[in-house]
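The values are calculated or read from the model by the stated rules, or taken from the named source; none is laboratory data. This is a predicted model, so every value here is computed, not measured. Cβ atoms come from the backbone with ideal geometry, glycine included; neighbour counts cover every protein chain shown. Note: accessible area is taken over every heavy atom of the protein model, side chains too, but ligands, DNA and RNA are not part of it. Shrake-Rupley method; radii C 1.70, N 1.55, O 1.52, S 1.80 Å.
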Amino acid sequence: APAARAAEPLDLHGERLLPELRPGDAIIRINGLTHSHEMLAELKRRPRSLVMLVLRSAGGARPGQPGYRNVAADAAAENGSAAEAFDVEARFDGELVSLVEDIKKHVLLPEAEASVAMRLVENDLDELSKALEALRQRKRTENDDDADLAAEEEDPDLVPEPGLEDEAQKRVHLLGNRRRLEEGLRKLYSEKETDEENHYKANLALRESLADPTFDADELQVAIDNFFRLCPFQAKSPAAKALVARARIFVELWTFRRRCRELRHEVLYATKAALKWEAKRRAAETWPYAPKGTEAEAADPGFKELLEQTQEYVGELGFVLQEAKAVLERHEWASLQRPPKSDAFRKDNMAGPLMSLRLGELEGWWKRPQVD
């Protein structure tokens, strides 16, 4: 068999991380087991896979130790200027960087501008107009005689967002036009019932479902069905086909994500239940097999059936699924174990063949080879 390719090390904040154990690591869990004697027994069993949870110090190597690297000093030497405390690692720090940017933009703002920023992502025209007026009123007071005093009391971390007032004004015009359009259509449709009203409602419902922040796949599927039912001729246009194709992609994606989230919770719950059942058998000294004359509680067959449903979500479930599979493999191994034979059983089985050998030797059934 070809030699296994060594895993590439990860360079995270000046720490060289290798996907292998090293001195100082603390093994917290092996295949779902947490007690030291249980983990040792699991290692001696030599299972097909070892799913381990390892605790490693994040301090990194100290100066003078192998693997130590001063990222800031190296960057300063290369660029000839000061550098950050550590490099940003996109694979691990991407989410934190996004959170920092969101905090800078939406949290560290003066109260009036923060209110406008929050109303920009809503559809309430009245509230946005009030927030925009409060922002303008604040800017007008800055030109008064107390502007210097107000600036001294202002938190230095609160930085005004440039262009926020223009964005809010555009949003006000957009929401105003939408409100006038909806009011006109509502008045028109209240006077008489037409197919155009159904077309408008079906189009609006489909577009609103596409922008649903809850990612409800069922609601989007209902909107697609209503669109085809109420707009059979419009659905044949290229624009409508493109819209429906995009909606169906979202339905499939949202359904996949919802099922993945459900399976993650189900697998975690089932794994905990399986480990609890195993711990109960260990406490009763019926693991991995029950002594003669006793009967152990059977495992839940639904655990294996659940894991069979996760074939399409292996990459998304990751560690949770691999640990569950390791627990299931150990339970299947235990189900094949049998108690060792007693000495009395061995004596009874050995008596017959030995007597047959002696009788055959006496009767001459066995002939010794003649040596010249």
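Remarks
- Annotation note: Cβ proximity below 7 Å between a residue of region 46-65 that is over 12 Å from Arg22 (Cβ atoms) and a residue that is of a type in the set (Val, Ile, Thr) and modelled with pLDDT of 90 or more (sequence gap 6+ or interchain) occurs for Leu50/Ile30; Met52/Ile27; Met52/Ile30; Leu53/Ile28; Leu55/Ile28.
- Region 208-243, residues that are of a type in the set (A, V, I, L, M) and out of contact with any Phe, Trp or Tyr (no Cβ under 7 Å at 6 or more places or on another chain): Ala211, Val222, Ala223, Ile224, Leu230, Ala239, Ala240, Ala242, Leu243
- Residues that are touching a helix residue (DSSP H, G or I) at 6+ places or on another chain (Cβ under 7 Å) and open to solvent by 80 Å² or more (accessible area, probe 1.4 Å) within region 214-231 comprise Phe215, Glu219, Phe228, listed in sequence order.
- Within region 17-39, the residues that satisfy the criterion of being open to solvent by 70 Å² or more (accessible area, probe 1.4 Å) and within 19 Å of His331 (Cβ to Cβ) are Thr34, His35, His37.
- Check on Lys292, at pLDDT below 90 and surrounded by fewer than 18 Cβ atoms within 10 Å (Cβ to Cβ): yes
- Counting only helices (runs of 4 or more DSSP H) that sit completely within region 107-177, those holding 3 or more residues that are over 23 Å from Ala211 (Cα atoms), at pLDDT 85 or above and open to solvent by 60 Å² or more (accessible area, probe 1.4 Å) correspond to 125-141.
- Test: residue in region 246-265 that is touching an Asp or Glu at 6+ places or on another chain (Cβ under 8 Å), more than 30 Å from Gln311 (Cβ to Cβ) and open to solvent by less than 90 Å² (accessible area, probe 1.4 Å): no
- Residues being open to solvent by less than 80 Å² (accessible area, probe 1.4 Å), in contact with a Leu (Cβ under 9 Å, 6 or more places away or on another chain) and either basic (Lys, Arg) or not in a helix (DSSP H, G or I) (or both) - total across region 300-343: 3
- Condition broken by Leu188, with the remaining ones in (1) surrounded by 11 or more Cβ atoms within 10 Å (Cβ to Cβ); (2) closer than 25 Å to Pro110 by Cα; (3) at pLDDT below 85 satisfied: (2)
- Test: residue in region 215-237 that is β-branched (Val, Ile, Thr) and within 26 Å of Arg261 (Cβ to Cβ): yes
- Residue in region 275-290 that is in contact with a Pro (Cβ under 8 Å, 6 or more places away or on another chain), touching a residue at least 40 places away in the same chain (Cβ under 8 Å) and aliphatic (A, V, I, L, M) present: yes
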